[in-house]
Amino acid sequence: MARTKQPPPDYVPATGKSIYDIQEAAELLRLGVTVLRKLITAGEISYVRYGGRGKFYFTRDDINSFIKNSRTVAHFERYAMPS
């Protein structure tokens with residue numbers, strides 16, 4: 001029986017954190033960092049740049065908004081990492 005990919009849950013689990021770096025956000029969204037950078041460039045996810053090198057950070061609301069605004073499961077499959 002073939003497994004179908006499921007979209008991430010429509011919430012970020014309560015971890016006590018309110019800010020996530022790009023690696024943590026990618027893990028929560030089940031995406032690769034490169035894919036998340038493409039989403040940033042495409043303007044599909046909100047973020048905060050901070051620090052001398054302008055690193056990307058995401059609030060819990062940024063991640064939840066991205067999940068809620070994603071149109072279909074196919075949208076996630078387009079960006080999802082291979083299993």
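Where in segment 26-62 are there trypsin sites (Lys or Arg not before Pro) that are in a DSSP coil and have at most 13 other Cβ atoms within 10 angstrom of their Cβ?
Numbers: sites: Arg30, Arg37, Lys38, Arg49, Arg53, Lys55, Arg60; in loops: Arg30, Arg53.
Within segment 26-62, the qualifying trypsin sites (Lys or Arg not before Pro) (loop, at most 13 other Cβ atoms within 10 Å) are Arg53.
Residues Val48, Val33, arranged from fewest to most other Cβ atoms within 10 angstrom of their Cβ, appear as Val48, Val33. Across segment 36-41, coupling constants 3J(HN,Hα) worked out from phi with the 6.51/-1.76/1.60 Karplus curve, θ = phi - 60°, read 5, 4, 5, 5, 4, 4 Hz, and Gly and Pro carry x. Stretching the chain fully between Asp61 and Thr41 yields a gain of 5.3 nm (0.36 nm per residue, less the alpha carbon separation).
List Asp61, Asp21 from most exposed to least, where exposure is judged by having the fewest other Cβ atoms within 10 Å. Display every interim value, and only then the final one.
Details: Asp61 11, Asp21 14.
Placing the least packed residue first, the sequence is Asp61, Asp21.
Here the spin labels are modelled as points 7 Å beyond Cα on the Cα-Cβ line, and at Gln23 and Asn69 they lie 2.7 nm apart.
Read-outs: derived from the displayed coordinates by stated rules, not from any lab. Since the model is a prediction, treat every value here as computed from it, not as a measurement. Here the Cβ is made from the backbone with ideal geometry for all residues, glycine too, and neighbour counts use every protein chain on show.
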